[in-house]
Amino acid sequence: MLESQIHIDHVFHAVDNFETVDDIFEKIKNDELNCINFYWLGVRDYNQIWHLQKKIHRLNLEKKVGDVVLLLEHNHVYTLGKNANKNHILQSNHNIETVNIDRGGDVTYHGPGQLVGYPIIDLHNYKMSISWYLNVISKSIIDSLLNLDIKSEYRNDYVGIWVDDSKIAAIGVRLSRWITMHGFALNINTDLSYYGGLIPCGIFECGVTSIKEILQNEYSVQEIAENYSKYFIKHLNEEIR
């Protein structure tokens, strides 16, 4: 069984019924320090969760909270990384928010039906290597997809997870003092028409896909989030041996 391979303690918290992000932050501050806490937040606006990430990062640096992974869906938004080309946002029928942020990478889309993950973990506790950290994230996504009989791969040239020539998950991270922020976005039941308003990650010649498009069936984003948390812990353990 998957759980038999887990050595690092972790807890999965469903906090999607919490009314405000401030309520979620108070819970995070009071939860166990000596494990990785995963939080399912439901659907939330981008800016309020970006602000939450920064608050958690600061407390993690001060050793006042432990390692945290936020798992959620966002309301519709386009985000531009530090080196993004604004020309990669095109004219679109979708009039949605655009946010400039501090992660790496180019332009991407977030919206309902997409699992977004933000690990805020101190790599001093594991391995101080960004390639090691990207391995943990990417292998966890690949296993989550394989659990649904979807074969995928990580590509270094166009960073992310791919099914044939279509991108199914974007990865964009930031490290500050070896504590991570931002993370990944996996298309589950995503409305792919929103990608028509941008050139995702600045890649002209490839498409995007989702679990729903491949399998012609809708899946619970929360259930896939819970599975992802188990695979993340599995690969964290394997990579630090």
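Just a few scattered comments:
- Lysines with Cα under 17 Å of Lys212, excluding same-chain neighbours fewer than 8 positions away: Lys151, Lys167
- Only Lys, Arg (+1) and Asp, Glu (-1) charged, at Cβ; the range 138-182 dipole about Cα centre in debye: 340 debye
- Cα Rg, Dmax, the range 150-197, angstrom units: 12.7, 38
- Packing here is the average count of other Cβ atoms within 10 Å per residue, and on that basis the peptides 163-175, 56-68, highest first, run 163-175, 56-68.
- Modelled label positions at His7 and Ser166, each set 7 Å beyond Cα in the direction of Cβ, lie 4.0 nm from each other.
- Per-residue SASA remark: Leu52, around 0 Å² accessible (1.4 Å probe; ligands, DNA and RNA not included).
- Spin-label zone in the range 132-150 - amide nitrogen under 11 Å from a point set 7 Å from the Cα of Asn217 along the C-beta vector: 148-149
- Of all aspartates and glutamates in the structure, those lying under 12 Å Cα to Cα from Lys234, and not within fewer than 8 positions of it along the same chain, are Glu3, Asp9, Asp143.
The values are calculated or read from the model by the stated rules, or taken from the named source; none is laboratory data. These numbers come from a predicted model, not from an experiment. A quick note on method: Cβ atoms are made from the backbone with ideal geometry, for glycine too, and the neighbour counts reach across all protein chains shown. Protein only, heavy atoms only, side chains kept; ligands, DNA and RNA dropped before computing areas. Shrake-Rupley method; radii C 1.70, N 1.55, O 1.52, S 1.80 Å.
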